[in-house]
1. Out of (1) among the hydrophobic types (A, V, I, L, M, F, W, C); (2) out of contact with any Pro (no Cβ under 9 Å at 6 or more places or on another chain); (3) in a helix (DSSP H, G or I); (4) open to solvent by 10 Å² or more (accessible area, probe 1.4 Å), the odd one out for LEU127 is which?
2. Consider ARG265 carefully, then state whether it is within 23 Å of THR651 (Cβ to Cβ), open to solvent by less than 60 Å² (accessible area, probe 1.4 Å) and modelled with pLDDT under 95.
3. Looking only at the range 437-479, which residues are among the aromatic types (Phe, Trp, Tyr), assigned to a helix (DSSP H, G or I) and open to solvent by less than 20 Å² (accessible area, probe 1.4 Å)?
4. Check the range 120-127 and report whether any residue there is farther than 16 Å from CYS524 by Cβ and either within 15 Å of the chain's Cα centre (by Cα) or modelled with pLDDT of 95 or more (or both).
5. Of the numbered conditions (1) out of contact with any Leu (no Cβ under 7 Å at 6 or more places or on another chain); (2) open to solvent by 20 Å² or more (accessible area, probe 1.4 Å); (3) in contact (Cβ under 8 Å) with a residue 12 or more places away in the chain; (4) in a helix (DSSP H, G or I), MET179 satisfies every one except a single condition; which is it?
6. Scan the range 278-288 residue by residue and report those that are modelled with pLDDT of 90 or more and either acidic (Asp, Glu) or open to solvent by less than 40 Å² (accessible area, probe 1.4 Å) (or both).
7. Do we find a residue being at pLDDT 95 or above, over 30 Å from PHE62 (Cα atoms) and crowded, with 21+ Cβ neighbours inside 10 Å anywhere in the range 645-666?
8. For the range 172-220, what are the residues that are aliphatic (A, V, I, L, M) and within 21 Å of the chain's Cα centre (by Cα)?
Amino acid sequence: MPHQGTGKGVKGHFPARSIMRTWSVLTAERPMVAVERVTWKAIAIGLALVIGITVAGCFSAFLRYDLIGTGHLPRCALFPVMVLAALNGVSKWLFGKPLFTRAELLGIYCTILIMTGIPGQQYADYLYLGLIAPIYFATPRNLPALLQYDINWLPYIPDWLVPSKDPRSGVIAWVMEGMPEGAHIPWQAWVMPLAIWTVFFVALFTAHLVIAAILRRQWADNEKLTFPLAQIPVEVADERRLVAVARNPLFWFGFLIPTVIYILRALHLYYPTFPNVNIYPNWGALFQNRPWDVLNYMPFNLYFDMIGITYFVATDVGFSFWFFWVVRRLQMVVRSAMGLSDHQPPMEQQSIGGLFALFLMHAYIARHYFRDFFRRALKGERGETDGEPLPPRTLTLLLLLTVGGVIVWSVVAARLALLWAVLLFAVHFIWRIMLTRMVAEAGLFVFWTPIPITNFFMRVFGRDLIGAPNIVAMNMIGSKISDSATDVTAQALQGLKIAQLGGLSQRQIFGLMWTSLFISILTCHPTCLHIIYTTAVPKMGWWTRNYPRGMATTMLTQLAQDLRMPTAYYIHLLAGALVTMALTWLRWQFLWFPFHPLGYAASNAVSWFGDRYGFSIFLGWVAKALVMWFGGIRLWHFFRPFMLGMVLGNTAVLFVLLLVHFFFPTNEVVVIE
């Protein structure tokens with residue numbers, strides 16, 4: 001067997017010289033260039049796309065629940081750049097020069113990247129219906145479960161946070177039951193609550209941007225995280241690299257695999273007699289008795305983008321994510337053998353303990369950086385700020401203003417007690433920082449933090465200690481900020497890394513991302529109000545159709561029952577922290593140690609994460625491990641265009657099919673996230 005680093009064994013077996021020339025182009029070092037600024041042309045195109053994607057995304061999310069911006073390599077950001085890059089090739093062939101420079105394409109991508117979750121799971125899906133649900137379902141007529149309890153949460157909701165507190169008013173009832181013929185959208189009722197909530201979200205998202213800017217130097221420069229997802233748009237925007245890849249037959253072979261398979265699946269959706277390609281198989285009911293029956297229907301889902309991305313991440317990271325998915329399943333077997341059936345809650349506590357431990361460990365690693373950063377902020381020194389978004393003092397002041405602002409807003413506007421406001425946002429930012437680490441180091445396309453923070457507090461502190469007013473206030477806030485499938489911090493840090501890789505002005509990219517967020521938020525207001533009043537909730541997509549009642553039921557349960565977790569769950573919480581710390585320490589001590597703590601913390605977070613993506617991560621890891629074993633880094637570069645093609649092909653075909661599905665809906669979604 002040849003040594004991994006020599007590349008021997010490849011020679012003679014791969015005669016395609018064009019493929020090897022591609023490798024030489026892709027691996028050539030790029031000279032350092034001066035900082036470039038994104039042109040006004042690219043800014044105008046990027047912001048126009050932000051408005052268009054926001055409008056289209058809101059309609060798609062509410063009516064179809066096809067989330068065009070989900071994840072941290074969002075299709076609605078990457079696909080337009082792919083199209084513009086293709087137009088570059090056509091323009092150069094016809095006129096001898098491209099339409100867009102590399103800097104312009106990357107600027108457009110970053111402008112879109114930051115806002116992709118706004119018209120979906122990070123904002124629009126929850127804000128508007130989340131202001132209707134607690135009012136509409138505050139009566140037994142609309143929520144019969146209230147008949148069992150003497151509970152009324154309306155007095156705890158401030159008038160200025162919602163458009164109306166009358167469940168029978170048209171402002172509330174028309175959203176759930178349909179607007180009568182001849183009636184008009186009650187725009188005026190929404191002016192004050194949306195203005196107040198806009199202040200909150202602008203402050204919150206600005207805080208996320210600032211945190212990303214503070215973390216950038218430590219994670220990108222000092223720890224040298226790889227940012228696997230950021231490599232994809234950089235590759236697409238680089239004309240020289242893209243042309244080299246496009247001439248490689250392996251790229252097109254990888255591109256066609258997801259394209260053909262998803263087209264066949266789409267044909268089956270619209271024409272059921274057409275044969276289906278099952279990319280979500282499982283092994284069925286293999287076991288009849290306990291404890292092994294918990295392994296029945298083990299899924300083997302195929303997510304082509306996850307397979308391709310795993311090929312680009314470190315081998316130990318890919319290994320750990322699928323390995324701890326298997327460990328999670330084996331934990332279920334052990335618990336079943338012990339006569340236990342509540343498998344997910346204790347494993348969620350392990351993940352929560354792991355996330356807190358990871359935060360503390362990484363804060364310890366970065367202690368010297370933070371000490372130097374805040375020392376320079378205190379003294380007003382700029383230090384090594386070349387290429388940084390903002391000076392340390394400005395970032396520190398913005399951090400204090402925005403984080404303090406959301407806490408003060410929660411106390412004053414939502415009437416949440418100061419202690420619970422501080423705890424709510426402390427946990428929120430800790431979990432989002434660790435999610436960002438998952439994206440930056442492990443290249444996770446999508447990741448969910450374990451449970452809503454309010455649920456976590458109810459389990460730890462209990463109903464009586466928190467109190468009804470604070471439970472209602474935390475639900476009003478927490479229900480709108482808990483979904484982490486797409487996260488501003490992770491997107492912002494990727495945007496700043498892309499700016500670094502592309503030689504762009506990070507200060508300009510920072511400003512463009514903030515502007516993009518602000519414009520997207522404002523665009524959502526009229527768009528979403530139009531949607532919810534012209535299409536009643538029962539006629540919306542499956543998630544938005546069920547969310548309002550689910551939110552009200554959750555709040556009722558928390559007000560009516562003491563949900564404190566048993567002592568055993570605290571042991572799982574502590575065990576998760578200790579295991580994570582042990583894994584981290586072992587990685588510090590032994591370079592060969594194969595188990596990464598991120599994989600452990602992620603595998604138990606939510607039940608469907610490993611089941612949905614675990615097998616695809618396994619396939620990507622196996623492909624990379626075999627390639628590195630037999631041919632080393634040279635063979636890895638040889639197959640790199642194939643994996644890149646798979647990622648881009650998956651992006652292109654799913655984005656196109658989402659557009660088709662919007663105009664020609666079926667009873668099913670095109671793809672499960």
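The values are calculated or read from the model by the stated rules, or taken from the named source; none is laboratory data. On a predicted model such as this, the values are computed, not experimentally measured, just so you know. Methodologically, a virtual Cβ is constructed for each residue, glycine included, from the backbone with ideal geometry; neighbour enumeration extends over all protein chains shown. Accessible surface is based on the protein model in full, side chains and every heavy atom, while ligands, DNA and RNA are left aside. Shrake-Rupley method; radii C 1.70, N 1.55, O 1.52, S 1.80 Å.
1. Going through (1) among the hydrophobic types (A, V, I, L, M, F, W, C); (2) out of contact with any Pro (no Cβ under 9 Å at 6 or more places or on another chain); (3) in a helix (DSSP H, G or I); (4) open to solvent by 10 Å² or more (accessible area, probe 1.4 Å) one by one, LEU127 breaks only (4).
2. Values: within 23 Å of THR651 (Cβ to Cβ): yes; open to solvent by less than 60 Å² (accessible area, probe 1.4 Å): yes; modelled with pLDDT under 95: yes.
So ARG265 passes the test.
3. From the range 437-479, those among the aromatic types (Phe, Trp, Tyr) are 445, 447-448, 456-457, 461; that's our starting set.
Subset that is assigned to a helix (DSSP H, G or I): 456-457, 461.
The answer is PHE456, PHE457.
4. The initial filter retains those residues of the range 120-127 that are farther than 16 Å from CYS524 by Cβ, namely none.
No: zero hits.
5. So the condition that MET179 fails would be (4).
6. Passing the criteria: only ILE279.
7. Yes: the range 645-666 contains one or more residues that are at pLDDT 95 or above, over 30 Å from PHE62 (Cα atoms) and crowded, with 21+ Cβ neighbours inside 10 Å.
8. VAL202, ALA203, LEU204, ALA207, LEU209, VAL210, ILE211, ALA212, ALA213, ILE214, LEU215, ALA220 - these are the residues of the range 172-220 that are aliphatic (A, V, I, L, M) and within 21 Å of the chain's Cα centre (by Cα).
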